[in-house]
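Report on the structure given below.
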Ligand code: DGI
Ligand code: FE
Ligand code: FE
């Protein structure tokens with residue numbers, strides 16, 4: 001699917017503000033794809049489509065999780081975590097997007113996971129660090145992301161976990177799996 005078609009699919013699903021975020025994520029991700037030599041068509045498609053289901057009613061997201069083979073424990077966690085996994089599924093059902101690399105990048109864009117592919121990591125970190133974001137620590141991530149994608153992703157997972165813990169929020173296991181995996185990779189395999 002080309003860029004124009006992907007944009008025409010996602011635009012009606014989003015607010016103007018979220019659409020602008022989507023374009024910044026895509027641009028940020030494409031710059032990383034250039035640096036790290038990752039397939040630009042896939043990066044572009046995943047960037048454009050990553051928040052496809054962001055504004056679907058909670059009940060609809062819940063239904064797609066219940067009627068698919070997505071993990072049911074998602075429903076025990078904050079509904080913000082549902083739009084990635086459900087979005088990947090809905091994009092296949094509604095628009096035939098069946099590239100599994102693109103699907104996975106969309107599915108895990110909020111939490112990350114252990115053993116992320118380069119494509120998954122690029123979408124994850126582009127969503128976190130696009131120029132419209134204002135999280136504490138985000139500038140440090142931007143400063144290193146073109147030199148050290150693993151450390152940038154590790155910082156993002158660490159900052160998100162710290163943020164969620166300060167709010168006394170529950171944290172989905174994949175968020176910890178991403179953090180643990182990146183910590184090990186940075187430590188050369190030690191705990
Ligand atoms: O959809 P976006 O707003 O562009 O960004 P996103 O998909 O990364 O969603 C961000 C929200 O998800 C943000 O409020 C932090 C939250 N989040 C990420 N991991 C977890 C989480 N929230 C909970 N409760 N648990 C998590 O593990
Ligand atoms: Fe999102
Ligand atoms: Fe996003």
| said: Within the stretch 1-20, take every residue that is away from ligand 3 (no atom under 12 Å from the Cβ) and surrounded by 13 or more Cβ atoms within 10 Å (Cβ to Cβ) and give me the one that is modelled with the lowest pLDDT. | reply: 1
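Kindly check whether there is at least one residue in the stretch 124-143 that is buried (at least 22 other Cβ atoms within 10 Å of the Cβ) and away from ligand 3 (no atom under 15 Å from the Cβ).
So far as the stretch 124-143 goes, no, none of its residues is buried (at least 22 other Cβ atoms within 10 Å of the Cβ) and away from ligand 3 (no atom under 15 Å from the Cβ).
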| query | In the stretch 133-144, which residue that is assigned to a loop (DSSP other than H, G, I, E, B) and under 29 Å from residue 70 (Cβ atoms) is farthest from the chain's Cα centre (by Cα)? | reply | 135
| said: I need the helices (runs of 4 or more DSSP H) fully contained in the stretch 13-121, keeping only those with at least 1 residues that are in contact (Cβ under 8 Å) with a residue 60 or more places away in the chain and either within 16 Å of ligand 1 (Cβ to nearest atom) or out of contact with any strand residue (DSSP E or B) (no Cβ under 6 Å at 6 or more places or on another chain) (or both). | reply: 16-36, 40-49, 83-95, 100-107
| Taking residue 80, is it within 13 Å of ligand 3 (Cβ to nearest atom), at pLDDT 95 or above and surrounded by fewer than 20 Cβ atoms within 10 Å (Cβ to Cβ)? | yes
| Residue check for residue 23: within 16 Å of ligand 2 (Cβ to nearest atom), within 23 Å of residue 145 (Cβ to Cβ) and surrounded by 14 or more Cβ atoms within 10 Å (Cβ to Cβ) | yes
| query | Does the stretch 146-155 contain any residue that is assigned to a helix (DSSP H, G or I), within 15 Å of ligand 2 (Cβ to nearest atom) and either surrounded by fewer than 21 Cβ atoms within 10 Å (Cβ to Cβ) or modelled with pLDDT of 95 or more (or both)? | reply | no
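The values are calculated or read from the model by the stated rules, or taken from the named source; none is laboratory data. All values derive from a computational prediction rather than experimental measurement. Reconstructed Cβ throughout: ideal geometry from the backbone, glycine too, with neighbour counts over all protein chains shown.
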